[in-house]
Amino acid sequence: MTTDVYDFVVIGSGHNGLTTAAYLAKAGQKVLILERNEWYGGGVVTKELFAPGFKFDLHSSLHVNIQANPLVLNDELELRSKYGLKYLYPDAVYSTMFDDHTCLVTYKDVERTCESIARISPRDAESYRRFASMSMKIVPLVTQSLFVPPPPQGQFFALLDQSIEGQEIFRALQMSKLEICREWFENEKVMIHLLKFAAETLTAPEDKGTGFILYTMPGMVHTYPIGIPVGGSGALVDALIRCLTAHGAEFRDRSDVTKVLVENGRAVGVRLADGRTIRARNGIVGQIHPWLLGEMVDGLDQGMVSRAKRTQTGSFGIMPQHMALKERPKYRAGDEAGRVILANYAPSTLERFLRVFDNFRYGDMWAEGSDDTILASHMQCQFDETQVPAGKAAITVYGFGPFELRGGGAAAWDERQQEIGDWLLERYRHYTLNVTGENIIGRRFDTPLEISRHSPMFQRGDVSGLGEYLHQIGAHRPTPELSKLTVPGAERLYLTGTAINVSSVSGAGRATAIKICGDLGIKFDKLIAG
């Protein structure tokens, strides 16, 4: 049975797909968004847990890259001026609390950050000032290519090779984050502070081809401060849905797409799990993980499918523990360490910090005889009181860990969920004074396996879709063929999503919209002008 015909059908309601869809709807295209769940947003979702009024960002919470995106920067879709999206920009961005109860804090302001570092290492404070200055000069080169179809990688590398500055960037692209830290800094706590925040990309400090993350990180933090959406991370999706609805787009939840229909080499529709088909005149926008492309689309070149399947997820997975509290946590390191957008918790020596990542490589959460781990938390209710009942707190404390555990693989997470959740809670309590059983109203721990079940885009518990390695960024993300945001052999099948565009909350579906507009003869500059 065939339903109505649309100009575009969008598979999935992740924020990148909604972003692409919103530009198309604004251009006058008749758009349908299909979502397999009964709610919208993919990894950008805020839900009430435990009791009314306690709002939690289940996955993505930090809105980092999107702050540099013209989608938000220039309000191209009027999400801020018309559709209710509001951001808060606290001064304190991230902290690291060490297990000896000292701390470091990075602020929006470079000088204030250097003051924090100088308390531990005056020489590293001077190094950071130079490092941040260098990074901020690089950021414009990086951001100008994040939200448009990427230029050819060879062309980009050739451009870098034309100057000393460019050659330094190219060198950093190939190095590890740890190697760059050791070149610039001498104090172990300063290095841990930077490396822990950079590990949010789910790549380990010693992974080669990740140095660019650290190289550009200060430039992003001090140029485009992290934003907290009022009402929770899902407020971005709410604004996109309001925008789409205003432009006539339609939504259907509980509509699981199992196949993209291709006729004579062109994508013409989709088939749902219940057998229904929906046609599309102008194209399909697929939020499809590269590993699943061959299953979703028949008749593709098997070499291309094979190359898509060999793409790599990050080095480890993520595991959030959401807790509703009667009162906010009090930290042994002091109030300043906790009043940040993202708080990190780590061992106080570099060797112990690095050995935690070694554990993950071998399927372990901890080493025999050691309680060392690394944690992070976000508690946005301290800045946005709409997220909790008066006087209460909602905090998410999360750790990293292997997707496959030693002696049981991924399936062992279901057996060890309670054990490891309790263990991580005890590690967090080491840094606090009042997170006792009496203070906890409710808590929920999601394992990397559970994260992978949330979305087909989160393979192996990687909420970034794919690891941010040199061979999987820019015009090589996810592969050189697919980075063009189309699928060879399936004309008018367009791709977007965290495993395709820039990872994290980025709104990089804008790039896919630009590609589509070019194919349809729609002038994108005119579209965003009014």
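The figures follow:
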| quantity | calculated |
| --- | --- |
| Which numbered condition E111 fails, given (1) assigned to a helix (DSSP H, G or I); (2) closer than 28 Å to E450 by Cβ; (3) acidic (D, E) | (2) |
| Residue among R352, R339 that alone is at pLDDT 95 or above, over 22 Å from P448 (Cβ atoms), crowded, with 16+ Cβ neighbours inside 10 Å and over 24 Å from the mean Cα position of the chain (by Cα) | R352 |
| Pair list, Cβ under 6 Å, 6 or more apart: region 84-96 residue in contact (Cβ under 8 Å) with a residue 40 or more places away in the chain, other residue small (G, A, S) and assigned to a strand (DSSP E or B) | Y87/G227; Y89/G227; S95/A343; T96/A346 |
| Residue within region 254-265 that is among the aliphatic types (A, V, I, L, M), closer than 20 Å to A21 by Cα and open to solvent by less than 10 Å² (accessible area, probe 1.4 Å) present | yes |
| Qualifying positions in region 97-128 - over 29 Å from L433 (Cα atoms) and surrounded by 16 or more Cβ atoms within 10 Å (Cβ to Cβ) | V110, D124, A125, S127, Y128 |
| Whichever residue in region 300-330 is more than 27 Å from E419 (Cα to Cα) and of a type in the set (S, T, N, Q) and, among such residues, is most open to solvent (accessible area, probe 1.4 Å) | Q302 |
| Subset tally (residues that are open to solvent by 10 Å² or more (accessible area, probe 1.4 Å) and modelled with pLDDT under 95) for region 488-521 | 4 |
| Check on I213, modelled with pLDDT under 95, open to solvent by 10 Å² or more (accessible area, probe 1.4 Å) and not in a loop (DSSP other than H, G, I, E, B) | yes |
| Selection status of Y40, in contact with a helix residue (DSSP H, G or I) (Cβ under 9 Å, 6 or more places away or on another chain), surrounded by fewer than 24 Cβ atoms within 10 Å (Cβ to Cβ) and within 30 Å of I441 (Cα to Cα) | yes |
| Hits in region 357-384 - residues which are in a helix (DSSP H, G or I) and farther than 25 Å from G334 by Cα | F357, D358, N359, F360, R361 |
| Condition met for D57 (open to solvent by less than 30 Å² (accessible area, probe 1.4 Å), of a type in the set (D, E, K, R) and in contact (Cβ under 8 Å) with a residue 12 or more places away in the chain) | yes |
| Search result, residues across region 419-438 that are in a loop (DSSP other than H, G, I, E, B) and surrounded by fewer than 17 Cβ atoms within 10 Å (Cβ to Cβ) | H430, L433, N434, T436, G437, E438 |
| Region 389-431: number of residues that are touching a Cys at 6+ places or on another chain (Cβ under 6 Å) and not hydrophobic (A, V, I, L, M, F, W, C) | 0 |
| So Y6, is it closer than 16 Å to V260 by Cα, modelled with pLDDT of 95 or more and either assigned to a strand (DSSP E or B) or open to solvent by less than 30 Å² (accessible area, probe 1.4 Å) (or both) | yes |
| Members of region 187-207 that are without any contact (Cβ under 8 Å) to a residue 60 or more places away in the chain and out of contact with any Cys (no Cβ under 7 Å at 6 or more places or on another chain) | A198 |
| Residue within region 461-479 that is under 25 Å from V270 (Cβ atoms), out of contact with any strand residue (DSSP E or B) (no Cβ under 9 Å at 6 or more places or on another chain), at pLDDT 95 or above and hydroxyl-bearing (S, T, Y) present | yes |
| Residues located in region 261-312, provided they are in a helix (DSSP H, G or I) and touching a strand residue (DSSP E or B) at 6+ places or on another chain (Cβ under 6 Å) | M296 |
| Of all residues making up region 487-528, the number that are touching a residue at least 12 places away in the same chain (Cβ under 8 Å) and in a loop (DSSP other than H, G, I, E, B) | 16 |
| Positions within region 465-478 being part of a loop (DSSP other than H, G, I, E, B) and open to solvent by 10 Å² or more (accessible area, probe 1.4 Å), in sequence order | E468, Y469, I473, R477 |
| Verdict on A333 being closer than 26 Å to K177 by Cβ, open to solvent by 10 Å² or more (accessible area, probe 1.4 Å), out of contact with any Lys or Arg (no Cβ under 9 Å at 6 or more places or on another chain) and assigned to a loop (DSSP other than H, G, I, E, B) | yes |
| Elements of type strands (runs of 3 or more DSSP E) in region 10-75, at least 2 residues being farther than 27 Å from T386 by Cα | 31-34 |
| Which listed residue is at pLDDT below 95, open to solvent by less than 50 Å² (accessible area, probe 1.4 Å) and in a loop (DSSP other than H, G, I, E, B), from L146, L173 | L146 |
| Subset of region 176-186 (residues that are exposed (fewer than 14 other Cβ atoms within 10 Å of the Cβ) and touching a residue at least 24 places away in the same chain (Cβ under 8 Å)) | E186 |
| Any chance R242 is open to solvent by 50 Å² or more (accessible area, probe 1.4 Å), of a type outside the set (A, V, I, L, M, F, W, C), touching a residue at least 40 places away in the same chain (Cβ under 8 Å) and part of a loop (DSSP other than H, G, I, E, B) | no |
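The values are calculated or read from the model by the stated rules, or taken from the named source; none is laboratory data. Keep in mind the model is a prediction, meaning the values are calculated, not measured. Ideal geometry is used to build each Cβ from the backbone, glycine not excepted, and the neighbour counts take in all protein chains shown. Only protein heavy atoms, including side chains, enter the accessible area calculation; ligands, DNA and RNA are left aside. Shrake-Rupley method; radii C 1.70, N 1.55, O 1.52, S 1.80 Å.
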